[in-house]
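All remarks here apply to the structure that follows.
The numbers here are math on the coordinates, done by the rules we state, and not lab data. None of the values given here were measured: they were computed from a predicted structure. Cβ atoms come from the backbone with ideal geometry, glycine included; neighbour counts cover every protein chain shown.
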Amino acid sequence: MILAGPATATQSKLKEFLAAGDTPQRRKEFVITAFSKQLEIASAAIRKYDTNHLNLGIRFGGSPSEDVLRTAKVFDVCSINVYEYEPTKQIERTYRVTGRPVLIGEFHFGVPADGLGAGLVQTANQVERGKGYRYYVEQAAALPGFVGAHWFTWRDEPVLGRNDGENYNIGFVDVTDRPYPELVDAAKTTNKRLSDVHFGKTPPFAERPKASEVGSLSSPWAK
């Protein structure tokens, strides 16, 4: 794409680099190096002008290669999206490769009901959705490299779909702001326990949620 595109400084550097040998591995090396340089420049600017905050970096989706993950060493925290029933493998891998604490940028569980789609990770019903929250968050909190997780999203999406048609039952509240008590109560219970779970004083919630018979949707974020 770079070679076929308009003339740029990046294209010039790439042509110069490939003149010494054009192989798939060298092309990959160039792309990773350029990406790393971009992150280094942005991070240096952030540190210069905002010295009082942690740099949470970018959010990696899915399961990036270890070559890509290593670029996150320039951040204070590595942020990843993990749409699965249990995020421990991704957290442990990311922590091992980057040496940085891990923040989950997005996760959720949904139920196929009330005219709504069930989301990227599905449970059998609202009770199981609450269990899904507890299992996911507490299993993550038991790991030393975990610093937090962001649920996507606060409110259900519209029945007729948002701008791209997505219409998931993934909120803590529905579109009229009525809470889902099973999920709310589960979150309240778990968040009272998180400190003790993280410091090993209390074992994490261990009941994996029952999945929907419909099955999880295919998504680039799902692995």
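Expressed as a whole number of Å, what is the distance separating the alpha-carbon centroids of the stretch 32-104 and the stretch 108-154?
Rounded to whole Å, the Cα centres lie 22 Å apart.
Only helical DSSP H runs with n ≥ 4 go in: add -39500 (n - 2.57) per run for the chain, normalise by residue count and round the 222 nm mean residue ellipticity to 500 deg cm²/dmol. Please report the intermediate quantities before stating the final value.
Numbers: 6 runs with 86 residues, N = 223.
Value at 222 nm, helices only: -12500 deg cm²/dmol.
Where a ≥ b ≥ c are the square roots of the eigenvalues of the C-alpha gyration tensor, would you call the stretch 23-109 rounded, which needs a/c under 1.5, or, failing that, prolate if a/b is larger than b/c, or oblate? Walk me through the intermediate numbers first.
Working: a/c = 2.20, a/b = 1.11, b/c = 1.99.
It comes out oblate by the Cα gyration axes.
Report the full-extension gain for the segment Ala7 to Asp114: residue separation times 0.36 nm, less the Cα-Cα distance, to one decimal in nm. Mind showing how you got there, number by number?
On the way: separation 107, 0.36 × 107 = 38.52 nm, distance 5.22 nm.
Here the answer is 33.3 nm.
Can you tell which of Gly62, Gly110, Gly165 shows the greatest fluctuation in a Gaussian network model of the chain with Cα springs below 10 Å?
So, out of Gly62, Gly110, Gly165, the one fluctuating most is Gly165.
Where does each of Glu92, Glu138, Glu213 land when they are ranked from fewest to most other beta-carbon atoms within 10 angstrom? Spell out each step's value before the answer.
On the way: Glu92 15, Glu138 21, Glu213 8.
The most exposed by this proxy come first: Glu213, Glu92, Glu138.
Longer than 21 Å from Cα to Cα, which of Lys13/Lys48; Lys89/Lys131; Lys28/Lys48; Lys131/Lys188; Lys131/Lys192; Lys37/Lys73 are they? Say none if no pair is.
Working: Lys13/Lys48 27 Å; Lys89/Lys131 19 Å; Lys28/Lys48 30 Å; Lys131/Lys188 12 Å; Lys131/Lys192 15 Å; Lys37/Lys73 12 Å.
Checking Cα-Cα distances, Lys13/Lys48; Lys28/Lys48 exceed 21 Å.
Running a GNM on the chain with Cα contacts under 10 Å, which residue among Ala118, Ala140, Ala44 ends up with the highest mean-square fluctuation?
Ala44
Over the chain, what relative contact order in percent results from Cα pairs under 8 Å that are six or more residues apart?
On the way: 380 pairs, mean separation 42.1, N = 223.
Across the chain, relative contact order equals 19 percent.
Given the convex hull over the Cα atoms of the chain, what projected area results after averaging over all orientations, in nm²? Each step should come with its number before you reach the end.
On the way: hull surface 62.8 nm².
Answer in nm², one decimal: 15.7.
So what is Rg over Rh here for the stretch 77-146, counting just Cα atoms and using Kirkwood for Rh?
Details: Rg = 13.3 Å, Rh = 12.7 Å.
We get a ratio of 1.05 for the stretch 77-146.
Quick one: among Gln139, Gln122, Gln25, which has the greatest mean-square fluctuation in a GNM of the chain with alpha-carbon springs under 10 angstrom?
Of Gln139, Gln122, Gln25, the most mobile in the Gaussian network model is Gln25.
What's the Cα-based Rg to Rh of the stretch 1-53, Rh via Kirkwood?
Values: Rg = 14.5 Å, Rh = 12.7 Å.
Radius of gyration over Kirkwood radius for the stretch 1-53 works out to 1.14.
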